[in-house]
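Let me begin by presenting the structure, written as structure tokens, before commenting on it.
We did not get these values from a lab; they are worked out from the coordinates using the rules stated. This one's a predicted model, so the numbers in the text were calculated from it and none came from an experiment. No Cβ is skipped: glycine too gets one built from the backbone with ideal geometry, and neighbour counts run over all protein chains shown.
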Amino acid sequence: MSAIRTALLVAALSAAGAAQAQARYFDIINRGGDSIVAVAASPAGAAAFADKPIAAPLQGGGATATIELAGPGCRYDLRFSLANGRVLEYADVDACRHRGLRVAAAPQRASRPAAGLAGRP
């Protein structure tokens, strides 16, 4: 009986470790002029956006928040709702290659590929 309990415990710990290994923590830096009031993420191209909690609106000029991106993939589409009602979408963000994203002032077209922290939008 003890061997069965040990095997179950090892299996449970392995599953928990695998789930935790898939979670990525990703920094959002608001370099735009408007506050970000909501953040949502979807696996790239899936259009299955899920809200990501932020403690308070991210003021423009450099406010930051960290969100959790769970799942086995690296690429995500990110959607940012601004206080002025506009929505920005950054497509195909590589969360494995970059640890965060600088959200710039809203361009003429509100949807564009993301450069991540390695590049400047």
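What net charge is computed for the residues neighbouring ALA47, neighbours being all others with C-beta under 11 Å from the C-beta of ALA47, Lys and Arg scored +1, Asp and Glu -1? Could the numbers behind the result be given before it?
Details: positive: ARG79; negative: ASP77, GLU89.
Its environment carries a net charge of -1.
Positive contributions from Lys and Arg (+1) and negative ones from Asp and Glu (-1), summed over other residues with Cβ under 12 Å from the Cβ of ARG79, come out at -1.
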